Amino acid sequence: MVKKDYTNVLNKIDMIASKIYDDFQKTEIPYLNLPTRSKSNIKFDDKFNVWKYGKKTIERSAKSLDGAYMLLRTMYMTDFIKEMIRINKSSTLREMYYISEGWDMAKFHTQQESNMLAEDLEVITNCMREDFKLRPEEDGSRVIGNLTIEEMTRNKTKKKIHCQDDVGDSGYTIPYNVEPEKITFKSADADYIIAIETGGMFDRLVENGFDTSHRAILVHLKGQPARSTRRFIKRLNTEKNIPVLVFTDCDPWSYRIFASVAYGAIKTAHISEYLATPESQYLGVTPSDIENYDLPTDTLTKEDINALKSELTDPRFQDSFWRGEIKLQLKMGKKSEQQALAKYGLDYVTDTYLPEKLAEMGMSKK
Amino acid sequence: MTKITAHDLAKKQKEISVAEFFERNKHILGFGNATRALITSIKEGVDNALDSCEEVNVLPDIYVEVKNHEDGECKIIIEDNGPGIVKKQIPHIFGRLLYGSRFHAIRQSRGQQGIGISAVVLYGQLTTGKHAKVISKVEEDRPAVILELVIDTNRNRAEVLNRNTVHWDKPSGTRIEISIIADYKRGKRFVYDYLQSTSIVNPHAQITYKDAEGTVHFFERTTETLPRKAVEIKPHPYGVELGTLIKMAKHTKARKLSSFLKTEFSSMGDRTTKTACEKAGLDRNINPKEMSREDFLALHKAFKKVKIMAPSNDCLSPIGETLIRRSLKHETEEISPEFIITASRPSSVYSGNPFQIEVGLVYGGNLPKDRSVKIMRFANRVPLLYQQGGCIITSAISSIDWRRYGMDQPSGKGIPTGPAIFLTHISSTQIPFTSESKEAIADIPEIENEIKLAFRECARKVQKHIHKKVRRKKTREKFDLITKILPEIAKKSAHMLDKPVPSLDAVITKIMDVVWIEDVITYEKVDRVIQTTLIEPVEEKQQGVITKSKIMVVNYKRTPQKFNLYALIPEDAVIGAVEPKPSKITSNYIKWGLGTIQPANKIDVNFELAGLGQGDFDENDLYIENINPTYVIGADKWEGD
C-alpha cells in the first residue's frame, strides 16, 4: 500500500480556477460546462458495460445569479479541498457543509446542495470524492462470509480479519474507503455474493447459517447502497471472480437499488465503472414470485405506480426481463417485501425459496 | 248611506307636520331597524360636528361615546371643539326638522337637508321617551349652556324643558347626549367601521371613540391642514329646474333678463347670455319679473341647447391624492399592504352640478385573497355604509373587466375577488342620493363614467407598478451579481492561482449591458423655516420634513451614453435644492440634460421636496429621453408633458 499522490488531483482542481481566471482575462463572462445529470442523459458504455453520462451538457455561467453563486461556491470548495490536501486532513460531507457556513455569500442552504456540488466536481475533474479528501458520514454496511480481508488500520498497522471467525453476528463493517491502500482481499472461498436490501433479511440468513450452508458471502445493502458498499462488491466480484446476486423487496424502489449495483446510479454515472457490477443478477423478490409463492401483498401507491412507469422509460430497465416484470406488477397493482416469505415459517427463505431461486438461475452447486 | 260632501272631507283635511310625517316614515331617514338607528344617529352627530369645526377653520377633535343599557337602550354622546351654538338657535337646530344653514348654499358640505340631527332627537324621543341633552359653549370666558329638549311633533318646534348654565373646560364646542333604542350588539362593528372610514376621508380630524365596553379607540389626525374651503357658487343653468328658475326671476333685483342671467347664474358671460336669449326667442332687455310661464319654458329649453362652461370647481373640496394615500397607509398599517395607489379625476358636471371623483386602491398584505374586494364608498367625506348593491360606485366597479388587470372576476363582470380595498370618494355640491337616508348614489351616467375612468387609471398604475417591481427585482439580482459575487469569484480564482486579481469592468458591462438607474429616498426632519405651498398665500412652517431623493445613474453599456432624465414630483410639493443643475422645472417634473457618462461610470442626481409628510413620497417616477428605452433599467420612456 502506497501513500497517495495528489499531484494529479491538484492539477485538475487548479484547472477549474484557471478556466474562470482566464475567462476574466479574456473579458468573457466566466462559465463552466458539465454533463446534465439526469435520466435523459445516461448512455450505455460498451467498454465497461455500465451506464454513464452522455454528451448533453449544461452551462454554469456568471450571467445569471444562480450560476454565479454556483461558480463562487465552486471556487470556495476547490480551495477548501486544496487546503485539506495540503494539511493532510479529510472531512465528512456534513463537516464540509458546516464549514461552508463560514464561506459568506458562498455558503450552502442545505447539505443536499453541497453534496451535489461535490459530485459536480467529481464529474468535472474525473476524480473521485476520496481524491478530494471527502467522505460520507453513514457507517458502512456489513459483510459475513468465508472471506479474509487485510485492513490498514488508523495506527498504520495491517490487520487480517476473517469475516466469519473474527467477527460477531453483525459481521465485518465495510469502511468508507475500500480502495487498495485501505483494504485488500487476502482469500475468499464462496460460490456467490448475496447483496440483501434489508437488515432483517440479512440477519435471518445469518441466523439460519446460510453463509456456511450455501457457501455465500452475505452483504447488507442498507437500502440504496453507499458508494463504499457498491465499490466493495465490485472489487470482490472482479478480483475474486465471485458472482453477485441481489435480493430485495418487490417494489420499484428496490429495482433502483439493483440498478445502482448492476448498472450504475444516475447520480454517480460519472464513476459507474468503479461502482457498478454489470454481472450482477436480480434474485428476487420478483412480481412473478408474488404469484408463484402466493406472497402477502400491499397495494401499489400512486407514487409506486409513477415510479414503475418512470422505470419503463429508464434506459437501464429496457431488457425483456424488466419490462415484463414491471408490466406484470402494474397489472397486479401489488407489491411485497422480502420478509413476507416468513408467511411459510422462519426457515422457508433459506430452506425453500433461495435454493429454488438459485437452482432456477443455475447457481445451485449441489 | 249618507252622502259625503266636500265639506265633510274638508273637516278631515289638515296640515301634516313634518315631524309627524317622519314619525311614520322613519325608515327613509335610516332609522329602519335598531342596528341602522345606532349608526345613523352617530353618523348625523359626527357629520354635524365635522361641518361646524370646518366652518370656523378649526381642526376637528371629536369625541364619540356609546353607553349600552339593558333592554336595548343606548345613550350616544357626541362632542366637538367647534364654535358652539348660540343659545337661541339650539332649539331650532336640534328640535326642528328642515332647519339649517346649508340647504340653500350651492357648495360641498356633508349635511344638506337639515333633517339629520333633529331626526335623531325625534327618534330617541319616540323610542325611549327621554329628552335630548345639549351642551354648548360659544365663548371661552363664558359658561356653557345646558338644556334639555323635546320636539313637539304637531308644530315642528322644540320644547325646552330645562335650561341652565354649567362650567365646561373646553374653550368652545357642542355636546349632545341622546338616548335611543338601538341594537348595540349587532351595530357595534359598524360604528367602529364608520368612524374608521370617516377618519380615512377626514385626515385632518381626530376622533376618539369610547365603546360601551369602555375601550377607547383613537383615530389619529394625519394632517394639520384643513381641507380647502368650498366656495359657495350660484346655480348653473344646466342644473336649474323650471320652478326654481321662475322663483329666482321673481326675487331678482335685476331689471333686465340679460343681467338676471349674468348675475344669478354661474358660467354665464355676455356671449352665452346672448345665445341663450336668441335660442329662446326672447328679448334680452325684458324685465324678468314680467316673463310668462311660456317664456321661462323657452328659456329653460334654450339653456340645454347652448354650450355653457362647467361651473368653477372652487365649490368642491376634494381630499387630494397625497392625503388619501397617507390616510389609507395609516389606517391599513396592520394589514401591511404591498402598495397603495390613488387616482384623481378632474372635476366634471352632471345636470349643472360639479362633481369630482377620487379613488384609492390598497393591495396585498394580510387582506384575504379569496374574497370579494372591499369597497369603501364616500360622498363629501361621509362614509356610505349601506345599500352597496344599489350604488352607482358598485355598478361602475362591477362593469370594469378586472381580469385584464390581473384580478379574479368570473365572467369579467361583478365585484372582483382579490386582496384589495377599493376606495371611492365623490365630492359634489349636490350628491344625487337614491333616497333621503343618503346611503347610495343614483345612477347618473356622467358619474359612472368618471368612476370607471378613475379606476382604470388606478389599475394601469397598479400594472405599471407590478411590472416595474418585477423588472427591478430581476436587475437587482444582476446588481448583486456584479457588485458582490463576481468580484469574489475573481478574487478567489486569483488567490488560488497566486495571480493578481483580474479587472472586471469589461465583464460587468457585458453581463449588465444596461444603463442602471436607482433611487433612494430619505426623510429629514428640519427645524428651519420651510416653504410648504406654491400657491398664494405662501404657507411657511417652522419645522417639517424634507424628502430627499438620490438618483444614481450608472452606465453599464460598453459605449458612452448621454440622455435626458425626468423625475415626476407631486403637485403639492415644493422643490428645494436640486443637484446637478436641472434644465427645466415645472410643477409636475424636473428635467436634467445629463452629461456624457463613460462605460462603468456613474452620475448622482439629488433633489429635495418640502411640503410632504414622511413616507408620502416613497418611490420616484423616472423617465428618460434621447436613449433607447430598452437600454435603461429603472426608468421608462418619456412620452412628453
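Okay, here's what the table says:
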quantity: Any hit, segment A:247-261, residues being in a strand (DSSP E or B) and out of contact with any Lys or Arg (no Cβ under 9 Å at 6 or more places or on another chain); calculated: no
quantity: Residue in segment B:344-371 that is surrounded by the most Cβ atoms within 10 Å (Cβ to Cβ), counting only those that are in a strand (DSSP E or B) and at pLDDT below 90; calculated: B:Pro354
quantity: Residues satisfying the stated conditions in segment B:1-23, i.e. surrounded by 10 or more Cβ atoms within 10 Å (Cβ to Cβ), at pLDDT below 75 and either assigned to a helix (DSSP H, G or I) or in contact with an Asp or Glu (Cβ under 6 Å, 6 or more places away or on another chain) (or both); calculated: B:Val18, B:Ala19, B:Glu20, B:Phe21, B:Phe22, B:Glu23
quantity: Filtered residues of segment B:580-601 (kept if in contact with a Ser or Thr (Cβ under 7 Å, 6 or more places away or on another chain), assigned to a strand (DSSP E or B) and farther than 26 Å from B:Thr342 by Cβ); calculated: B:Trp592, B:Gly593
quantity: Number of the condition not met by B:Gly281 [criteria: (1) at negative phi; (2) surrounded by fewer than 19 Cβ atoms within 10 Å (Cβ to Cβ)]; calculated: (1)
quantity: Selection from segment A:10-55 of residues that are among the hydrophobic types (A, V, I, L, M, F, W, C) and within 14 Å of another protein chain (Cβ to nearest Cβ); calculated: A:Leu10, A:Ile13, A:Met15, A:Ile16, A:Ala17, A:Ile20, A:Phe24, A:Ile29, A:Leu32
quantity: Sole residue being β-branched (Val, Ile, Thr), assigned by TED's automatic domain parsing to the domain that holds B:Gly364 and not in a helix (DSSP H, G or I), chosen from B:Ile324, B:Ile286, B:Ile319; calculated: B:Ile319
quantity: Any chance A:Leu34 is modelled with pLDDT under 90 and closer than 27 Å to A:Ser310 by Cα; calculated: yes
quantity: Flag if A:Leu236 is over 27 Å from A:Lys335 (Cβ atoms), buried (at least 18 other Cβ atoms within 10 Å of the Cβ), under 18 Å from the mean Cα position of the chain (by Cα) and touching a residue at least 60 places away in the same chain (Cβ under 8 Å); calculated: yes
quantity: Number of positions in segment A:56-68 that are within 13 Å of another protein chain (Cβ to nearest Cβ) and under 27 Å from the mean Cα position of the chain (by Cα); calculated: 1
quantity: Members of segment A:158-199 that are hydroxyl-bearing (Ser, Thr, Tyr) and either closer than 22 Å to A:Ser213 by Cα or assigned to a strand (DSSP E or B) (or both); calculated: A:Ser170, A:Tyr172, A:Thr173, A:Thr184, A:Ser187, A:Tyr192, A:Thr198
quantity: Residue selected from segment A:274-314 under the condition in a helix (DSSP H, G or I) and among the acidic types (Asp, Glu), by the criterion farthest from the chain's Cα centre (by Cα); calculated: A:Glu291
quantity: Qualifying residue in segment A:90-107 (condition: within 30 Å of A:Lys56 (Cβ to Cβ), loosely packed, with under 15 Cβ neighbours inside 10 Å and of a type in the set (Ser, Thr, Tyr)); calculated: no
quantity: Where A:Arg154 falls short, out of the listed (1) modelled with pLDDT under 90; (2) surrounded by 12 or more Cβ atoms within 10 Å (Cβ to Cβ); calculated: (2)
quantity: Filter pass, A:Phe108 being away from chain B (no Cβ under 14 Å), under 21 Å from the mean Cα position of the chain (by Cα) and outside any strand (DSSP E or B); calculated: no
quantity: Among (1) more than 14 Å from chain B (Cβ to nearest Cβ); (2) farther than 20 Å from A:Ala269 by Cα - the single one A:Arg86 does not satisfy; calculated: (1)
quantity: Single condition B:Val501 does not satisfy, out of (1) at pLDDT 90 or above; (2) under 20 Å from B:Ser347 (Cα atoms); (3) surrounded by fewer than 18 Cβ atoms within 10 Å (Cβ to Cβ); calculated: (2)
quantity: Filter pass, A:Thr74 being surrounded by fewer than 18 Cβ atoms within 10 Å (Cβ to Cβ), closer than 26 Å to A:Ile87 by Cβ and β-branched (Val, Ile, Thr); calculated: no
quantity: Members of segment B:28-51 found to be of a type outside the set (A, V, I, L, M, F, W, C) and either farther than 15 Å from B:Ile62 by Cβ or free of Cβ contacts under 8 Å to residues at least 24 places away in the same chain (or both), listed by number; calculated: B:Gly30, B:Gly32, B:Asn33, B:Thr35, B:Arg36, B:Thr40
quantity: Residue match in segment B:324-345 (condition: out of contact with any strand residue (DSSP E or B) (no Cβ under 6 Å at 6 or more places or on another chain) and closer than 26 Å to B:His236 by Cβ); calculated: no
quantity: Qualifying residue in segment B:111-123 (condition: of a type in the set (S, T, N, Q) and either surrounded by 22 or more Cβ atoms within 10 Å (Cβ to Cβ) or modelled with pLDDT of 85 or more (or both)); calculated: yes
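Here is a yes/no grid of residues against (1) modelled with pLDDT of 85 or more; (2) part of a strand (DSSP E or B); (3) polar (S, T, N, Q); (4) closer than 19 Å to B:Thr342 by Cβ:
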position: B:Ile603; (1), (2), (3), (4): yes, yes, no, no
position: B:Glu608; (1), (2), (3), (4): yes, yes, no, no
position: B:Leu612; (1), (2), (3), (4): no, no, no, yes
position: B:Gly615; (1), (2), (3), (4): no, no, no, yes
position: B:Ile627; (1), (2), (3), (4): yes, no, no, no
position: B:Asp641; (1), (2), (3), (4): no, no, no, no
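Yes/no matrix, rows are residues, columns are (1) hydrophobic (A, V, I, L, M, F, W, C); (2) away from every other protein chain (no Cβ under 14 Å); (3) closer than 27 Å to A:His270 by Cα:
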| position | (1), (2), (3) |
| --- | --- |
| A:Met70 | yes, no, yes |
| A:Ile81 | yes, no, yes |
| A:Leu93 | yes, yes, yes |
| A:Ile99 | yes, yes, yes |
| A:Val143 | yes, yes, yes |
| A:Glu150 | no, yes, no |
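Okay, residues lined up against (1) over 26 Å from B:Pro311 (Cα atoms); (2) surrounded by fewer than 14 Cβ atoms within 10 Å (Cβ to Cβ):
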| site | (1), (2) |
| --- | --- |
| B:Ile393 | no, no |
| B:Ala396 | no, no |
| B:Ile431 | no, no |
| B:His467 | yes, yes |
| B:Arg472 | yes, no |
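The values are calculated or read from the model by the stated rules, or taken from the named source; none is laboratory data. Owing to the predicted nature of the structure, the values given are computational and were not obtained by experimental measurement. Note that each Cβ is placed from the backbone with ideal geometry, even for glycine, and that neighbours are counted across all protein chains shown.
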